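Quick notes on the structure that follows.
The values are calculated or read from the model by the stated rules, or taken from the named source; none is laboratory data. Quantities reported herein were computed from a predicted structural model and do not represent experimental measurements. Cβ: placed from backbone, ideal geometry, glycine included. Neighbour counts: every protein chain shown.
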């Protein structure tokens, strides 16, 4: 994932790229730790899994949106007169 962010230039420098990747990885670890410590059963386990699914879908959608915005920025900086950023 780091390589994708680095190649797209979503962040300004290497340090911020690494910080984003490590913070995202921390979220996975934190939710796993919560699941282990709480030992959810029955409906609570299902609700927690649903929460995790919705959370990570939103996180993935955010990364895709940031990447798509960067594509629009790159096309505008390369000399394209009409981009989706200009038409908003």
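The table that follows gives values for the structure above.
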quantity	calculated
Any hit, the stretch 26-33, residues being surrounded by 14 or more Cβ atoms within 10 Å (Cβ to Cβ), out of contact with any helix residue (DSSP H, G or I) (no Cβ under 9 Å at 6 or more places or on another chain), modelled with pLDDT under 85 and assigned to a helix (DSSP H, G or I)	no
Per-region count, the stretch 55-88, residues touching a helix residue (DSSP H, G or I) at 6+ places or on another chain (Cβ under 9 Å) and under 18 Å from residue 25 (Cβ atoms)	5
